[in-house]
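FYI, it's all coordinate maths here, none of it is from the lab. Everything quoted here is computed from the prediction, not taken from an experiment. For neighbour counting, all protein chains shown are included, and Cβ atoms are generated from backbone atoms with ideal geometry for every residue, glycine included.
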Amino acid sequence: MVGIQALRQIKAAGVKRQQLGIVLDDPERRPGHAIWYAVQQGERPVGHMTCGAWSRRAGSMIGFALVRADLTAGDEIDVVRGGYRDPATLCPLPFY
């Protein structure tokens, strides 16, 4: 359990991460995953894609991203998986 002092420190320091949706640009269907993959903007590490699954509605892989608080929906990023980079776009949650 997080103590009140720790919560006060977090509040004073400000939010550092946020959860957004992520849509991969590549329409190739892939198996879902629960492995955390690195997310980069250019060469700068900005967070992780925490899980992913194929979305029939989106026609692409979608997932959750835990990223820096300064990123916003619409930002273009890369998901680093198996030594290659998948271009993707951050989006608001929930998915529609």
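Worth a mention:
- For ALA53, neighbours were defined as the other residues whose beta-carbon sits under 15 Å from its Cβ, and their charges (Lys and Arg +1, Asp and Glu -1) total +2.
- Helix 4-13 axis, angle to the chain major axis (alpha carbon atoms, nearest 10°): 70
- Sites listed here are GluC sites (Glu not before Pro) in the stretch 11-96 whose DSSP assignment is loop and whose Cβ has at most 14 other Cβ atoms within 10 Å: GLU28, GLU43.
- Zone residues, the stretch 81-96, relative to ASP25, backbone N less than 17 Å from point 7 Å out along Cα-to-Cβ: 81, 84-91
- The chain gives an Rg/Rh value of 1.04, both radii derived from C-alpha positions and Rh following Kirkwood.
- Our coupling estimate for the stretch 42-54, obtained by passing each phi through the Karplus curve with A = 6.51, B = -1.76, C = 1.60 and θ = phi - 60°, is x, 9, 8, x, 10, x, 9, 8, 8, 6, x, 7, 6 Hz, Gly and Pro reported as x.
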